[in-house]
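Here the structure comes first, spelled out in structure tokens, and everything after it is commentary.
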Amino acid sequence: MYSSERMITQDGLDVIRSLPPNTVLVTCIASIGKNAILRKLGGCNQQINAVIPNEDHSPEFLYYLFEYNKPYLLANSGITATRIISKADFSKLNFATPLVEEQRTIANALSDVDALLIKLDQLITKKRDLKQAAVQQLLTGKTRLPGFSGEWEVKSMQSLGQTYGGLTGKTKEDFGHGTSCYIPFMNVMTDTVINTEWLEFVDVGATEAQNQVRKGDLFFNGSSETPEEVGFCSVLMEERPNLYLNSFCFGFRFSQDIKINELFFAYWFRSKAGRKAMSILAQGATRYNIAKSAFMKLDITLPCEAEQTAIVTVLGDMDAEISRLEARRNKTRDLKQGMMQELLTGRIRLI
């Protein structure tokens, strides 16, 4: 047996713990410019620069000053295996600061905005959790909306419509130009409804045998590295001419005589039940794929069209509320950035 010398002595621990409360910590390697305020006696490792404010500087003001000046920190970092600012170089950086009273006023104003951002993030998380619970209850029939009763019917996908493939026979030179567009892979993966502002150009000849997509079509990614990521679904809710699907996904088109709500299916396939069903269909070893033949045999338990639409309306309203909150949060973030630009550069004075 032997004892390792790679041990921190008590003297070393005392040094690490010697940083006083309200020390501002700034990362100086890799993710440069992330910062925090040490609120109690403690320490930090060698990858973090510690700034101990004197009586002329507010720790909260310095926190926001370093946050705003992240580009300045990056510009003064060196590159070895990764970006780094040495403590010597960090100590030479210059920042303009007002008197401490104005620093505190500026920090308080920015702190109020941060508090609002925290509340909005918490509210968004709560609304998302409520929506997820509603999805699990409404899309499985565990909870019924007022006015609806009776048994749901079991339908196979092959009884509802047919699948089709994405673009075929294309080369790199065909993309990025042309009068046609296609739906990118990540557009299908990202959300329940296709974002028609997120399309890419592709050159499709008039005589080419390609499948144009239509309003109401469902789209699925047919393969992935894990079974849990196969078969994410998105639905097209707008009619767009000369629009196609990327070659890594497949589409599903409902028969014209079928009375369904397409958005209901998109919600269902993204629910826990839908994700489980698609992961079971995924086959493979290093890469998992869903065979269209297996997909067409998939059974789904469905309410009548009217109840589908009622469920979709409830979930759509919840989505709209979340989107409004996210837009407000993003606007508040922009407001904070604008405030930092004005207040931390002295363009606007609060005292």
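The values are calculated or read from the model by the stated rules, or taken from the named source; none is laboratory data. Predicted, not measured: the structure shown is a model, and the values here were computed from it. In this analysis, Cβ positions are derived from the backbone assuming ideal geometry, glycine residues included, and neighbour counts consider all displayed protein chains. These area figures cover heavy atoms from the full protein model, side chains too; ligands, DNA and RNA do not enter into them. Shrake-Rupley method; radii C 1.70, N 1.55, O 1.52, S 1.80 Å.
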Exercise. Helix 100-138 versus the longest principal axis of the chain: what angle, 0 to 90°, nearest 10, using Cα atoms?
Worked result: 20 degrees
For this session: Can you give me the P(r) profile for segment 209-283? Cα pairs, bins 5 angstrom wide beginning at 0, each as a whole percent.
Result: 3, 16, 24, 24, 18, 11, 4, 0
Problem set entry | In Hz, Karplus ³J(HN,Hα) per residue of segment 173-182 (6.51, -1.76, 1.60; θ = phi - 60°; x = Gly, Pro) | 5, 7, 9, x, 7, x, 9, 10, 10, 9
For this session: Stick to Cα atoms and the Kirkwood definition of Rh, then tell me Rg/Rh for segment 107-170.
Result: 1.31
Exercise. Based on the Cβ-Cβ distance from Lys34 to Ala294, what FRET efficiency comes out when R0 is 41 Å, to the nearest 0.05?
Worked result: 0.35
For this session: Would you kindly calculate the translational diffusion coefficient of the chain, applying Stokes-Einstein with the Kirkwood radius from alpha carbon pairs, for 4 °C and a viscosity of 1.567 mPa s, and quote it in µm² s⁻¹ without decimals?
Result: 51 µm²/s
Exercise. Can you give the angle from 0 to 90° between the axis of helix 59-68 and the longest principal axis of the chain, with both taken from C-alpha atoms, to the nearest 10?
Worked result: 50 degrees
For this session: Would you list which aspartates and glutamates come within 20 Å of Lys70, measuring only between C-alpha atoms, while excluding same-chain residues fewer than 8 positions from it?
Result: Glu60, Asp89, Asp114, Asp334, Glu342
Problem set entry | Of Lys155/Lys297; Lys119/Lys336; Lys142/Lys276; Lys215/Lys272; Lys155/Lys259; Lys276/Lys297, those spanning more than 19 Å from alpha-carbon to alpha-carbon | Lys215/Lys272
Exercise. How much accessible area per residue does the chain have, in Å², with a 1.4 Å probe?
Worked result: 58 Å²
Problem set entry | Whole-Å semi-axes of segment 215-351's equivalent ellipsoid (Cα gyration tensor) | 40, 21, 15
Seminar exercise, completed: Note: Asn330 to Glu101 extended length (0.36 nm per residue) minus current alpha-carbon separation gives 79.5 nm
For this session: Tell me which residues come under 5 Å, amide H to amide H, from Val193 once H is placed; ignore anything under 5 positions away on its chain.
Result: Val235
For this session: Would you mind counting up the charge near Gly161? Only other residues with Cβ under 15 Å from its Cβ, with Lys and Arg at +1 and Asp and Glu at -1.
Result: +2
Seminar exercise, completed: Taking only C-alpha positions in segment 248-307, Rg and Dmax in angstrom work out to 13.0, 42
Seminar exercise, completed: At 37 °C in a medium of viscosity 0.692 mPa s, segment 117-234 has a Stokes-Einstein diffusion coefficient, with Rh taken as the Kirkwood radius over alpha carbon pairs, in µm² per second, of 181 µm²/s
Seminar exercise, completed: Between Leu302 and residues 5 or more places away or on another chain, the pairs with built amide H atoms under 5 Å apart involve Glu153, Val154, Lys155
Exercise. For the chain, which whole percent of the accessible surface, found with a 1.4 angstrom probe, sits on carbon and sulfur atoms?
Worked result: 52 percent
Exercise. Order of 249-255, 261-267, 320-326 by packing, highest average Cβ count within 10 Å first?
Worked result: 261-267, 249-255, 320-326
For this session: Express in nm, to one decimal, how much length is gained between Gln341 and Ser255 on full extension, taking 0.36 nm for each residue of separation and deducting their alpha carbon distance.
Result: 25.4 nm
Exercise. Using θ = phi - 60° and the Karplus curve 6.51 cos²θ - 1.76 cosθ + 1.60, what whole-Hz ³J(HN,Hα) does each residue of segment 150-157 get, with Gly and Pro shown as x?
Worked result: x, 6, 7, 9, 8, 10, 8, 5
Exercise. Once phi is turned into θ = phi - 60°, what whole-Hz ³J(HN,Hα) does the Karplus curve with 6.51, -1.76 and 1.60 give for every residue of segment 273-281, x standing for Gly and Pro?
Worked result: 5, x, 5, 5, 4, 6, 5, 5, 6
Seminar exercise, completed: Per-residue accessible area, 1.4 Å probe, largest first, puts Met186, Met237, Met318 in the order Met186, Met237, Met318
